[in-house]
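Working notes for the structure below.
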Amino acid sequence: MEKQLIVKNLIELPNAATTILKDIGEHKVVAFFGKMGVGKTTLIKVLCQQMGVEDVVSSPTFALVNEYLSSDGESVFHFDFYRIESIEEVFDIGYEEYIYSGHYCFIEWPEMIVELLPETFVYLSIEENDNGTRVINYKVPD
């Protein structure tokens with residue numbers, strides 16, 4: 001399934017997040033593509049809020065991964081691979097254990113580790129229009 005959402009402002013983001021979570025269903029690995037500052041982290045924050053995460057959600061730029069707990073006690077992993085210098089860094093954090101854990105894994109800058117992405121993952125891209133609206137395109141595997 002492929003879908004496109006247009007988000008005009010931050011007020012519309014919770015509805016978009018609810019739609020995305022419903023649409024991705026049982027697929028737990030979501031790769032977020034988009035330019036710096038387009039809103040990847042902001043969308044992940046709202047997705048986490050919709051799942052009942054009460055922790056402060058922030059980009060794990062230097063830690064590479066943050067773990068949050070949803071309201072039902074499930075782990076949510078948030079990756080940011082912008083600053084990695086080698087694939088070995090990804091293996092050093094135990095990436096495979098996270099990705100194949102069955103928990104949500106939200107990945108910023110997946111293009112840095114594309115060869116490590118699982119066979120099936122949700123591809124999500126965000127683009128900003130000149131008027132400030134965001135276009136969110138995502139593709140959910142069959």
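Bear in mind these aren't lab numbers, they're just calculated from the coordinates by the rules spelled out. On a predicted model such as this, the values are computed, not experimentally measured, just so you know. A quick note on method: Cβ atoms are made from the backbone with ideal geometry, for glycine too, and the neighbour counts reach across all protein chains shown.
With all pairs of different alpha carbon atoms counted, what Kirkwood hydrodynamic radius in Å does the chain show?
15.2 Å
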For a label point 7 Å from the Cα of GLU2 along Cα→C-beta, name the residues of segment 27-43 whose backbone N is under 18 Å from it.
-> 31-34
Work out from phi, with θ = phi - 60° and the Karplus expression 6.51 cos²θ - 1.76 cosθ + 1.60, the ³J(HN,Hα) of each residue of segment 69-75, listed in order in whole Hz, and give x for Gly and Pro.
-> 10, 6, 5, 9, x, 7, 6
Dipole of the chain, Cα-centred, from +1 at each Lys and Arg C-beta and -1 at each Asp and Glu C-beta, to the nearest 20 debye?
-> 660 debye
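List the longest stretch of the chain that has no exposed loop site; here a site is one of the GluC sites (Glu not before Pro) assigned by DSSP to anything other than H, G, I, E or B, with at most 12 other Cβ within 10 Å.
Working: sites that count: GLU26, GLU54, GLU85, GLU119.
With a cap of 12 other Cβ atoms within 10 Å, the longest stretch comes to 86-118.
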So, in nm, how far is label LYS35 from label GLU111 when the simple model puts each one 7 Å beyond its Cα toward the Cβ?
-> 1.1 nm
Determine the percent antiparallel among the DSSP beta bridges restricted to the chain, to the nearest 5.
-> 55 percent
J(HN,Hα) series, segment 92-106, from Karplus relation 6.51 cos²θ - 1.76 cosθ + 1.60, nearest Hz, glycine and proline x = 4, 8, x, 3, 4, 4, 5, 4, 9, 7, x, 9, 4, 10, 9
Could you state the angle between the C-alpha long axis of helix 40-50 and the longest principal axis of the C-alpha atoms of the chain, as a value from 0 to 90 degrees rounded to the nearest 10?
-> 80 degrees
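Please report, in debye to the nearest 20, how large the charge dipole of segment 59-140 is about its Cα centre when each Lys and Arg carries +1 at its beta carbon and each Asp and Glu carries -1 there.
Magnitude of the dipole: close to 280 debye.
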